[in-house]
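Q: Right, I'll just put the structure down here and ask away after.
The values are calculated or read from the model by the stated rules, or taken from the named source; none is laboratory data. Just so you know, these numbers come straight off a predicted model, no measurement behind them. Neighbour counts are summed over all protein chains in view; Cβ atoms, including those assigned to glycine, are modelled from backbone coordinates with ideal geometry.
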Amino acid sequence: MQQHPSDVVRLLELIDAEYTAARRGLSGTAAGVSQHQFITNKMERMELLHQELRTHVGEQAMMLITQTIDASHSDTSDSSDNQEEPPKLL
């Protein structure tokens with residue numbers, strides 16, 4: 001398994017962009033089936049990118065994805081981030 005830093009960075013940026021788009025899709029104007037399909041498409045694309053990333057970094061892929069998304073979204077001031085999380089149903 002060979003690691004190419006520029007490919008790794010590119011893939012992480014693409015995954016983060018797909019995650020951000022899916023997240024925004026939750027609060028977008030689309031509703032119902034179209035909203036669900038949009039988010040599903042983004043998640044499926046993230047899975048393909050994850051698989052490609054694994055060819056470069058192996059099992060570290062998920063850790064890198066998590067770190068990238070956490071770093072990217074920890075300093076955003078998006079109003080949807082500031083909303084209180086709804087209670088979990090049992």
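Q: Checking the structure you have, find out if any residue of the stretch 26-48 is polar (S, T, N, Q) and in contact with a helix residue (DSSP H, G or I) (Cβ under 7 Å, 6 or more places away or on another chain).
A: Yes; the residues of the stretch 26-48 include at least one that is polar (S, T, N, Q) and in contact with a helix residue (DSSP H, G or I) (Cβ under 7 Å, 6 or more places away or on another chain).
Q: How many residues does the stretch 25-57 contain that are more than 13 Å from residue 14 (Cα to Cα) and in contact (Cβ under 8 Å) with a residue 40 or more places away in the chain?
A: 5
Q: Looking at the stretch 10-64, which of the residues that are charged (D, E, K, R) and at pLDDT below 90 is farthest from the chain's Cα centre (by Cα)? Please lay out each step first, then the result.
A: Just the residues of the stretch 10-64 that are charged (D, E, K, R), to begin with: 10, 13, 16, 18, 23-24, 42, 44-45, 47, 52, 54, 59.
Still in the running and at pLDDT below 90: 23-24.
Values: 23: 8, 24: 11 Å.
Top of the filtered list is 24.
Q: Something else about it: Select from the stretch 58-74 the residues that are in contact (Cβ under 8 Å) with a residue 24 or more places away in the chain, more than 14 Å from residue 18 (Cβ to Cβ) and surrounded by 14 or more Cβ atoms within 10 Å (Cβ to Cβ) and list them in ascending order.
A: 64
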